[in-house]
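These notes concern the structure reproduced below.
Throughout, read-outs are computed from the coordinates displayed, never taken from laboratory work. All figures in this text were calculated on a predicted structure; none of them were measured in a lab. With ideal geometry, Cβ positions are generated from the backbone for all residues, glycine too; neighbour counts draw on all protein chains shown.
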């Protein structure tokens, strides 16, 4: 565990964080601009000398009263928004620099990092000849070859367009699943967070407001205001079980089959689906005569009526939970309350390609 119990004060901004962060998987630190995401990352890295309190990795204290471990001795990798590659070195040279510095430390080998990030074709090239996505992969690879205890990533995709982001995300999934280096990932992009995160920290005005497993927090109506109502939605695990003759892919979820436009991935692939709350329709009885293919039995487990015309409904689908965003009038007309049995209706096109992520060593995409 990474333990942080610190305060930091600037004119117009104060941070007070007391939090433990898992040393496994991807912990996403999510919040709006100015909420303190990057500042907390800098505190952990030892780059904010004004922070007061304690920072520790397990039993090793990095910061406490009268004690401060400098950044280069904390064993952390840092990936900035700008890649900060050495322009005079090739990709191979940038990787070799990190590899030499970490000689003897445990962690992924040079060959493992090159394979995970598909860097082999780039090795002889200089950073100036690379695309933004290729530079990001090289920067991540260099950080990994320092053999860090944890990789800190400060909005690494913020400067990329949507096409380049789509190219990079499968590589980040591969790092999460194959190399096992824990990652603390800062982002204000909920699609990225939902696709990558195993744990989630929500930060607002310098304070952690919610923390826990990503699947649980994303399906919790109480976190929706922090995430943004348009971005509210849950992530559920599925398995790709068939490619249908009519161009659809059939996935198995705990509540039943889900059909999506064809996903290019091996059968048996485990996929994380993000289902936006606004894309879920509810019915009290099984509907007939609809074009929607995905109709799953559900039970209401929580109901949050907002101050406006809207309502958020948490639903149990098999072993998973999702959210539905409907009007207060619809909730009343349907007689919804905790324990109500109903049906959740999803359109095949409601789950966008960027909401389909791998949970194993595969690179699925969808063509809508």
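List of remarks:
- Members of the stretch 17-63 found to be crowded, with 22+ Cβ neighbours inside 10 Å, free of Cβ contacts under 8 Å to residues at least 60 places away in the same chain and assigned to a loop (DSSP other than H, G, I, E, B), listed by number: 51
- Boolean, residue 77 is in contact (Cβ under 8 Å) with a residue 12 or more places away in the chain, within 22 Å of the chain's Cα centre (by Cα) and either crowded, with 20+ Cβ neighbours inside 10 Å or more than 18 Å from residue 182 (Cα to Cα) (or both): yes
- One residue stands out among those in the stretch 318-339 that are under 26 Å from the mean Cα position of the chain (by Cα) and over 21 Å from residue 229 (Cα atoms): the one that is surrounded by the fewest Cβ atoms within 10 Å (Cβ to Cβ), which is 319.
One line per residue, one yes/no per condition, for (1) surrounded by fewer than 17 Cβ atoms within 10 Å (Cβ to Cβ); (2) out of contact with any helix residue (DSSP H, G or I) (no Cβ under 8 Å at 6 or more places or on another chain); (3) on the phi > 0 side of the Ramachandran plot:
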position	(1), (2), (3)
105	yes, yes, no
109	yes, yes, no
115	yes, yes, no
119	no, no, no
125	yes, no, no
130	no, no, no
134	no, no, no
138	no, no, no
141	no, no, no
